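Participant: The structure's right below; bear with me while I get my questions together.
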Amino acid sequence: MSENNAISEHWGKGDVYAQIISALEGAGKNLDTLTIEELGPVDHYHVRGFTATVELGDQLPIMSGQHILDIGCGLGGPARYLAHRFACKVSGVDITTAFVDAANKLTSLLKMNDRVVIQRGDGNQLPYDDSVFDGGITLHVTMNVSDRPQFFAEAFRVLKPGAFFAMTEHGLGPAGSPYYPLPWSEDGSEAFLVTPEDTEAFLEGAGFADVKVENTGEEYLAGYRKALDLATQGALPPLGTHLLMGDNAPAKIRNAAHNIEERRTHPIKVLCRKPE
Ligand SMILES: C[S@@+](CC[C@H](N)C(=O)[O-])C[C@H]1O[C@@H](n2cnc3c(N)ncnc32)[C@H](O)[C@@H]1O
């Protein structure tokens, strides 16, 4: 199996949209009046979820009418949130076929097709012209990216001069290999963590300037601990990203927490920009 197919198979299995609809109905949501906030627990696929996307939005200089790119957009939660909050247009691209399909159906459900367009594609070979986007994000994607210089070079290529670029990821900590399974890999295959220092160097190597790296380990640890408590009590909510992680979701959540505690992973948020 190619690396890209292996990543797609890992993330999206079966009819993801049907799974989410069933969970929404189980949670008593009215699909005709569904809001971005109601969908938020499941379509922002990182442990701090909707809250983390809102906090990131607070730091982004997006203006109404601008065109933003979300690389590895998953189910499209962050893309729809930014489009709604800033009245901008967002293009999303993701390698996982089942997620792209679900993302577009969720966008239709929220009647946002005029502002959010999601297509299948690889962040290492973006299907866009040069210098078209006013800003770009990639949230918890790069843990699966083997060639960071290529991935960042592509992001740089499609951004306009002066555009911002924001990313979040689990970097490699100083204490050795992470425990698996984790949300992004069952056993370490297709997992390519690098240290925050290397990420910063790769971004600068691609041409990005003003690279600011923030350690988000404590916030993520709190998020995983909360999820782990709920999983241990058998009290995970009907709607949540654990639905997408498979039967071993509790083990993935537990390992993610232990890896941060033992400094095997190092979650970060990075903001930078393409020079004018
Ligand atoms: C943890 S999910 C995050 C999804 C989304 N960014 C969010 O925050 O809700 C990781 C996503 O990265 C995508 N991905 C991994 N490698 C990719 C690549 N090379 N190009 C595009 N998408 C990729 C996966 O398919 C998956 O949807």
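Participant: Please go through the range 108-158 and give me each residue that is among the polar types (S, T, N, Q), open to solvent by 50 Å² or more (accessible area, probe 1.4 Å), within 15 Å of the ligand (Cβ to nearest atom) and assigned to a loop (DSSP other than H, G, I, E, B), ordered by number.
Facilitator: S146
Participant: Does L243 qualify as being in contact (Cβ under 8 Å) with a residue 60 or more places away in the chain, open to solvent by 50 Å² or more (accessible area, probe 1.4 Å) and not in a loop (DSSP other than H, G, I, E, B)?
Facilitator: Working: in contact (Cβ under 8 Å) with a residue 60 or more places away in the chain: yes; open to solvent by 50 Å² or more (accessible area, probe 1.4 Å): yes; not in a loop (DSSP other than H, G, I, E, B): yes.
Criteria met by L243.
Participant: Shifting gears a bit: Can you find even one residue in the range 21-37 that is near the ligand (Cβ under 10 Å from one of its atoms) and either among the aliphatic types (A, V, I, L, M) or open to solvent by 20 Å² or more (accessible area, probe 1.4 Å) (or both)? Even if it seems obvious, please write down each step before you answer.
Facilitator: Filtering the range 21-37 down to residues near the ligand (Cβ under 10 Å from one of its atoms) leaves none.
No.
Participant: Report the residue count in the range 80-107 for those that are part of a strand (DSSP E or B) and of a type in the set (V, I, T).
Facilitator: Taking the range 80-107 as the starting set, the residues that turn out to be part of a strand (DSSP E or B) are 89-94.
Of the ones still in play, those that are also of a type in the set (V, I, T) are 90, 93.
Matching residues across the range 80-107 total 2.
Participant: Return yes or no: is A191 in a loop (DSSP other than H, G, I, E, B), aliphatic (A, V, I, L, M) and either modelled with pLDDT under 95 or surrounded by fewer than 18 Cβ atoms within 10 Å (Cβ to Cβ) (or both)? So that I can check it myself, show each step before the final result.
Facilitator: Numbers: in a loop (DSSP other than H, G, I, E, B): yes; aliphatic (A, V, I, L, M): yes; either modelled with pLDDT under 95 or surrounded by fewer than 18 Cβ atoms within 10 Å (Cβ to Cβ) (or both): no.
It is false that A191 is in a loop (DSSP other than H, G, I, E, B), aliphatic (A, V, I, L, M) and either modelled with pLDDT under 95 or surrounded by fewer than 18 Cβ atoms within 10 Å (Cβ to Cβ) (or both).
Participant: Tell me yes or no: at least one residue of the range 193-206 is within 14 Å of the ligand (Cβ to nearest atom) and within 19 Å of the chain's Cα centre (by Cα). Walk me through it before giving the result.
Facilitator: So the first thing to find is which residues in the range 193-206 are within 14 Å of the ligand (Cβ to nearest atom), and the list is 193.
Now restrict to residues that are within 19 Å of the chain's Cα centre (by Cα): 193.
The answer is yes, given that some residue of the range 193-206 is within 14 Å of the ligand (Cβ to nearest atom) and within 19 Å of the chain's Cα centre (by Cα).
Participant: Something else: What number of residues within the range 48-79 are more than 10 Å from the ligand (Cβ to nearest atom) and either within 14 Å of D134 (Cβ to Cβ) or part of a helix (DSSP H, G or I) (or both)?
Facilitator: 15
Here's the yes/no breakdown for (1) open to solvent by 30 Å² or more (accessible area, probe 1.4 Å); (2) outside any strand (DSSP E or B); (3) out of contact with any Pro (no Cβ under 6 Å at 6 or more places or on another chain):
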| residue | (1), (2), (3) |
| --- | --- |
| Y220 | no, yes, no |
| Y224 | no, yes, yes |
| K252 | no, yes, no |
| N255 | no, yes, yes |
| R263 | yes, yes, no |
| P267 | no, no, yes |
| C272 | no, no, yes |
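The values are calculated or read from the model by the stated rules, or taken from the named source; none is laboratory data. Small disclaimer: the values here were computed from a predicted structure and weren't measured. Cβ coordinates were reconstructed from backbone atoms using ideal geometry, including for glycine residues, and neighbour counts include every protein chain displayed. Remember, those area values only see protein heavy atoms, side chains included, never the ligands or the DNA or RNA. Shrake-Rupley method; radii C 1.70, N 1.55, O 1.52, S 1.80 Å.
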